Every structure is written in structure tokens, then in C-alpha cells.
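Each remark here refers to the structure printed beneath this line.
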Amino acid sequence: MDVDHQKNVVFEEITLARSTEPKCKQCRREGEKLFLKGEKCFTDKCAIERRSYPPGQHGQKKGRLSDYGGQLREKQKVRRIYGILERQFRNIYKQADSRKGITGDTLLKLLESRLDNVAYHMGFGSSRTEARQIVNHNCILVNGKRVNIPSYIVKSGDVIEVSKNSKDQLRIKSAIDSASNRNFPSWIEVNTKEMKGIFKEQPDRSELPATINESLVVELYSK
């Protein structure tokens, strides 16, 4: 990896915690769709469809990443997908590392079990960012009780639903209408008419994106 590119990767590590970089540029930086812009990501307006190379003056130049650069790049990608700050991500990794089983698999399962992520998969938000806002704004109930903590870990059998006072919100209705035209993950069960779903179980690794290489994240944090 050339010196300038190495500096850019390290600089991102410092600044990404509260990145203001446009979401489409974040996808281009990782070279794949991270589904950060909701419905736009499923259309030909997606930036990756037109410009799959990284943004910036030297974006089209292909440089070779060092082992460290590849590990850091993968960690940044996972953080971007789930919209998590560095400190939060590190804490989740520590939880995963302290549990029995394969650390990488456990890490992804914890990320997928976050309330904002579950609400997104159930179609209550068009993106994880929007789902996080909906949770923050007291629009989501877990087992009949209001929960406004996006990082809340949903357990098997938990019932997630949109609160009665929030069911008329146009953005939630629009998100559910769009989601109903796609297949829901096998580990959740959703009733779009009632705006309610059940988190049946944590997903198996085989049911999660194959483009994520969690072993690189584990290698990075194991140093």
C-alpha cells in the first residue's frame, strides 16, 4: 500500500466516528453496496452502479493494501454497514470475544440483534439510519414496552412493533410498503399490516452477507 493511501486509511480511522461523508461515497469507498440510502440502493441511481471506484482525485488508481490496511478496511466497512461508533464497536467486539463460540460469528450475531438493525430488517425504517431515528423517537415497542435504545439487544421470541401513535407516520408506512415487496430474513417473522414482527432467533453465519470477512476484524483486534 502506498504511503498516501496508508495515511488516508489511518485518517479515516480517526475521523469516521462522526463521519459527515455522504453515504454514497462511503459505499464507493468500500467498493460495494452497504445499503445506507434506503430505497435508492435498490435502483439504478445507486452510485455504485455508475462509479464503483473510490471517491477522490486518485480513486481510480488501484493500490495494494497491506495486511493491516485490509484488516482496517474491513472493520471500517462493518462499522459503516451497522452505523456504529468506534468505541461502541470495540465494546461489542469485547462482548463477542468473552463468549463461547467463534468470535467473528458471535460479533455479527450481536450486531444483527441490535434493535435498530432488527427494526430495519422488519421494514420499519428504509435504512438502518432511519430505523435508528425511529427507535430514538419512541416509535418502537418491545414486548409491549417502549424501548428507545438502538443498541438494545433483542432476544429470541421478542415481539417488535410500531407504537400505536406512530403507525400513521408516512416514512414508516413508506418503508414497510417497500419492504413488503422484498423477502424478509428467515430469522424474523413480520406482519406488515399490523406493523409487528417476531425475532425468532439469531441468524446463522450462512444467512448473513458473504461479502463481510469478520476474521479480518478479529485479526485486527487480536493484535
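Every read-out reported here was derived from the displayed coordinates using simple, explicitly stated rules and does not represent laboratory data. Computed from a predicted structure; not experimentally measured. Using ideal geometry, Cβ is built from the backbone for each residue, glycine included, and neighbour counts are taken over all protein chains shown.
Please report Leu85, Leu170 as a ranked list, fewest other C-beta atoms within 10 angstrom at the top and most at the bottom.
Final ranking by Cβ density, sparse to dense: Leu170, Leu85.
³J(HN,Hα) across region 123-139 via Karplus (A = 6.51, B = -1.76, C = 1.60, θ = phi - 60°), whole Hz, x for Gly/Pro?
Whole-Hz 3J(HN,Hα) from phi for region 123-139: x, 7, x, 6, 8, 5, 4, 5, 4, 5, 5, 5, 5, 4, 8, 6, 9.
Whose amide H sits under 5 Å from the amide H of Lys200, counting only residues 5 or more places off or on another chain, with H placed in the peptide plane?
Those lying under 5 Å, H to H, from Lys200 are Gly157, Ile188, Glu189.
Quick one: which of Lys100/Lys155; Lys94/Lys223; Lys109/Lys223; Lys167/Lys193; Lys155/Lys200 span more than 20 angstrom between C-alpha atoms? Don't jump to the answer; show the numbers that get you there.
Working: Lys100/Lys155 17 Å; Lys94/Lys223 13 Å; Lys109/Lys223 22 Å; Lys167/Lys193 10 Å; Lys155/Lys200 8 Å.
Beyond 20 Å: Lys109/Lys223.
Taking 1 over the mean of 1/r across every pair of different Cα atoms in region 114-199, what Kirkwood radius in Å do you get?
Value: 12.2 Å, from the Cα pair sum.
Please turn the phi angles of region 209-223 into ³J(HN,Hα) values with the Karplus equation 6.51 cos²θ - 1.76 cosθ + 1.60 (θ = phi - 60°), one per residue in order, whole Hz, x for glycine and proline.
Values, residue by residue: x, 6, 6, 8, 10, 5, 5, 5, 5, 5, 4, 5, 7, 7, 6 Hz.
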